[in-house]
Every structure is written in C-alpha cells, then in structure tokens.
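Structure first, then comments.
What follows draws every value from the coordinates through simple rules; no lab data is involved. As the structure is a prediction and not an experimental result, all values here were calculated from the model. Cβ coordinates were reconstructed from backbone atoms using ideal geometry, including for glycine residues, and neighbour counts include every protein chain displayed.
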Amino acid sequence: MGNSDVVAEQAEHKNIPQHVAIIMDGNGRWAQLQGKGRVAGHKAGVDSVRAAVASARKLNVKALTLFAFSSENWKRPETEVSVLMDLFMFVLTKEVKRLHKNNIRFQVVGDLSRFSEKLQKNIAKSEQLTAENTGLVLSVAANYGGRWDIAQAAKKLATEVSQGTMTLDDITEDSLHQETCLVNLPELDLLIRTGGDYRISNFLLWQAAYAELYFTDTLWPDFDETQFQKAIDSFEQRERRFGKTGEQARNETIS
Ligand code: IPE
Ligand code: IPE
Ligand code: MG
C-alpha cells in the first residue's frame, strides 16, 4: 500500500478504535469441519493472527490484545495443551523478528509462572527486543483470566497497605486500575469474539467495562482482513454514551 492510500484509508475511518481485543475462538470446530484434528485449527489460527496484526497496523489501531490461552484452558486434554505450548514457542521464535521490524511492541499478559522456564525466557527476550518500539502494541494474553487480573491487582494494593506505604483510603478504582494488566494502553474500545458464542469467558473483565462488544459466527481461522474491517465498521456505527444521554454524547462528539 502506498503512503497516499494509507492516508486515504485513515481519512475514511475517523472513529477507529484505539484498543481492540479479540477472543480468538473456533479453531477446534474449524478443524473438525475440515475432517482434521483440533490441532490443525490452532495452526491455521496463526495465519489469522498475522492478518489481524496487519489489519490493526493498516487502520492505525494503537493496541491489539489477543486471547491465546485462558487460565481455564489447562483443563483441556494434556496433548492439546502441550501442542498449544509448542506452537506458542514456535511462533514466538519465528515471528518476533518480523514484529520488531514492523516497529511493534510485543508483550505477554497473564500468570506466566505456570509456563516452562524456556518459554518464560523466550517471552522475556521477545519483550525486551521490542520494548522501545513505538508502533502497534501487541499484547498476547496467555494463562490469563480476568478474575486473576483483578485479584493480583488487589493483592498488590493489600501488600502496600500492610507495609504502610499506602492507606486503606488510597484503595480506589483508580489505584486498583493502576495495578491491572494493560494499564498503560488506551482504554479498551472494542472486544471481538469469533466462533459464535456470546460470552466473555473470563477475558478482560475489568477493562471491558465500557468496551463495545462484537460477536461473529466466523470461526477464528476464517477471520481475515475483511472480517476485521466488518468489526471496525460496526464499531463506527455505535453511539458511545458512557452513562450520558444520547444528546449529550452527540454534542461532545461534535465539539
Ligand atoms: C480457541 O479455539 C483457541 C483456544 C482456546 C486456545 P478453540 O480451541 O476453543 O476452538 P473451539 O471453540 O473448540 O472450536
Ligand atoms: C476462550 O475460548 C479462550 C480463548 C480464546 C483463548 P474457550 O473456547 O476456552 O472458551 P469457552 O470455554 O468456550 O468459554
Ligand atoms: Mg472454544
């Protein structure tokens, strides 16, 4: 895409969400429909991750957060869990240079302590390599749970109070927010779930408080740039009122 195309595309979409998160669901069903094992769906899903990153960059989205593995996904058969871990390791090793080349800052959010030492090291290395990048922030949620996120934030504040560096009155929505994951990114604007289910599955509970929700039946491996664009188009039609009246909200958008 030439520079003028990028400018034209941005001008067309004034109301682009700054922060998009995706629950990438439906890999297993996609594979089953093809008469393949579930693992084939996870592998095909990696191409959709690349497409989502490309779409986000093109549209000038600032932050893209992808749910790759939930704290509940350990309940899956051991073989599937281990394939997912291998795939994660493989993709990290293979893709991180390209992310870096594209000025993408990469981070993993979640309780990393349960991952193998090798994977943890690989994650730290990838984060360090891309830490100074100023383009898209790509966050991958792995062994992440929204309840875990809130609980770990509460624990940090409780530690401060018990050490006397904070008082009970310092515990506010703002100070708790400061300890949750993704705190330095723009507020979550749009939460997409593929795969046809209408639930959050313990993803960004705190951060999704005022996010627009977009559900699609498309299975994750079929979610391409056109599908991403459709989600953005839907977002652009929404009126975000944040508790105010429609009239107030519209006046604010104009001024
Ligand atoms: C999402 O696809 C990927 C992960 C949870 C790792 P699924 O594996 O949940 O696919 P379905 O929902 O069984 O089709
Ligand atoms: C949510 O998908 C987690 C990820 C996409 C990583 P699941 O397939 O695990 O969700 P449930 O179990 O159907 O709610
Ligand atoms: Mg699923």
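Data table
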item: Debye intensity ratio in log₁₀ form over the Cα atoms of the stretch 183-255, taken at each q of 0.15, 0.17, 0.22 Å⁻¹; result: -0.62, -0.77, -1.09
item: Where N is the number of residues in the chain, Cα Rg divided by 2.2 N^0.38 Å; result: 1.06
item: Spatial separation of Cα centroids for the stretch 66-90 and the stretch 226-255, in angstrom; result: 35 Å
item: Inter-label distance, nm, simple model (7 Å from Cα along the C-beta direction), GLN120/LYS97; result: 2.8 nm
item: TYR210 paired with LYS14, simple spin-label distance in nm, labels 7 Å along Cα-to-beta-carbon; result: 2.0 nm
item: Computed over the chain: relative contact order in percent, which uses C-alpha pairs under 8 Å that are six or more apart; result: 27 percent
item: Of the DSSP H helices in the chain, those whose Cα atoms cover at least 15 Å axially and whose Kyte score averages -0.5 or more; result: 38-58, 78-101
item: Solvent-free Debye scattering, log10 I(q)/I(0), computed from the Cα coordinates of the stretch 119-255 at q = 0.15, 0.16, 0.21 Å⁻¹; result: -1.04, -1.14, -1.35
item: Set of the stretch 179-211 residues, backbone N closer than 15 Å to the point 7 Å along the Cα-Cβ line of LYS62; result: 182-190
item: Residue-averaged 222 nm ellipticity for the chain, from DSSP H runs of 4+ at -39500 (n - 2.57), nearest 500; result: -15500 deg cm²/dmol
item: Restraint check, LYS62/LYS121; LYS62/LYS97; LYS14/LYS62, Cα-Cα greater than 18 Å; result: LYS62/LYS121; LYS62/LYS97
item: Other-chain or far-sequence residues with amide H under 5 Å of GLU212's (modelled H); result: LEU190, LEU191
item: Given charges at Cβ of Lys, Arg, Asp, Glu: the chain dipole, positive-most of LEU112, ALA231, VAL81; result: VAL81
item: q = 0.13, 0.17, 0.21 Å⁻¹, the stretch 117-193: log10 I(q)/I(0) [Debye, one scatterer per Cα]; result: -0.57, -0.90, -1.10
item: Rounded to the nearest 20 debye, dipole of the stretch 67-200 from Cβ charges on Lys, Arg, Asp, Glu; result: 760 debye
item: Approximate shape of the stretch 119-162 as ellipsoid semi-axes (Cα gyration tensor, √5λ), whole Å, largest first; result: 26, 13, 12
item: Longest DSSP-loop-exposure-free segment, chymotrypsin sites (Phe, Trp or Tyr not before Pro), the chain, at most 15 other Cβ within 10 Å; result: 1-197
item: Distance between modelled label sites at GLU236 and ASP170, nm, 7 Å Cα→Cβ extension; result: 4.5 nm
item: Size descriptor, Kirkwood hydrodynamic radius, that averages inverse alpha-carbon separations across the stretch 23-169, Å; result: 16.9 Å
